[in-house]
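The values are calculated or read from the model by the stated rules, or taken from the named source; none is laboratory data. Predicted model only: the values in this text are computed from it and were never measured. Cβ placement follows ideal geometry from the backbone for every residue including glycine, while neighbour counts extend to all protein chains displayed. Surface accessibility is based on the protein's heavy atoms, side chains included, excluding ligands, DNA and RNA. Shrake-Rupley method; radii C 1.70, N 1.55, O 1.52, S 1.80 Å.
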Amino acid sequence: MIAGDQRAPTTQARELYVTVRPIAHARERRAILVAIILPAVGAALAIPYLWVHGSGWLDWWLFAIFYFASIIGITVGYHRHFTHRSFTVGLRWRLALAVLGYTAGQGPVTYWVSHHRLHHARADTADDPHSPLDTRGLLTVRSFWHAYVGWILGADRKANTAVLTPDLLKDRALMRLERWYLPIYLGSLLLPGAFGDGGDRPAPVRDRGDPSRRLPAPVRGAAGRFHRHLGMPFARTTLVQHP
Ligand SMILES: [Zn+2]
């Protein structure tokens, strides 16, 4: 997502922002859109899937563990440790916190930390990358959108890591890990699916004569729900399997 060209620390760098080249900007924008849309689409598809196939405790545990891991990665790792240096940890914990943060899909550590440090240093001024206030100091729908999503997609400038995160750039182990950001993030999306048990509901009876089998899963799910509503609790996965 983030080009590494401005990561090398230069003593001459004084600017808070670096301009993103148009091609790199378009590429990053696409990557960010995928990172925003893909998990949302996955979550939306999971609802009818669960309805039809059911779910087991392992699925819910995986959901909770991976969700909690990314929260810890961002709040404890990216925010408190890497941005504000609120506490120190050894190398392994530092890298572990970075990996947990990667799973949230909010960018590599240097990207997140440079913008957040800039946000604190220039809060609600023109230099704040994501102030919820517009140039008149007012909160509007547009400035609200900008603060949450617009600033990531629309900005043709990025916080200058050479100026804002020189401490991280000197951290060789972290810099090596940063190259693995994308595979780790994508892997974290796929990993729960590899472990999940896909439901603990008994396998539905296969009735080849049942025309509802050929309906799309969400429709079958809705039909099954209707049957259950009528007091036929086992008719959820196949419309003919009434008790
Ligand atoms: Zn902060």
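Of note:
- Looking at A35, A69, A64, just one residue is open to solvent by 40 Å² or more (accessible area, probe 1.4 Å) and more than 16 Å from the ligand (Cβ to nearest atom), and that residue is A64.
- The single condition from (1) within 16 Å of the ligand (Cβ to nearest atom); (2) more than 27 Å from G193 (Cα to Cα); (3) among the hydroxyl-bearing types (S, T, Y) that T75 fails is (2).
- Per this entry, A121 is counted among residues that are within 12 Å of the ligand (Cβ to nearest atom), over 20 Å from G187 (Cα atoms) and surrounded by fewer than 17 Cβ atoms within 10 Å (Cβ to Cβ).
- Of residues in region 115-129 being outside any helix (DSSP H, G or I) and in contact with a Lys or Arg (Cβ under 9 Å, 6 or more places away or on another chain), the one farthest from F63 (Cα to Cα): D128
- Scanning region 130-162 for residues that are under 20 Å from A31 (Cα atoms), part of a loop (DSSP other than H, G, I, E, B) and open to solvent by 40 Å² or more (accessible area, probe 1.4 Å) gives a single hit, D156.
- Here T165 passes the criteria (1) at pLDDT below 95; (2) at negative phi except the one numbered (1).
- Scope region 83-114; condition more than 21 Å from P183 (Cβ to Cβ), within 16 Å of the ligand (Cβ to nearest atom) and not in a helix (DSSP H, G or I); matching residues: H84, R85, S86, F87
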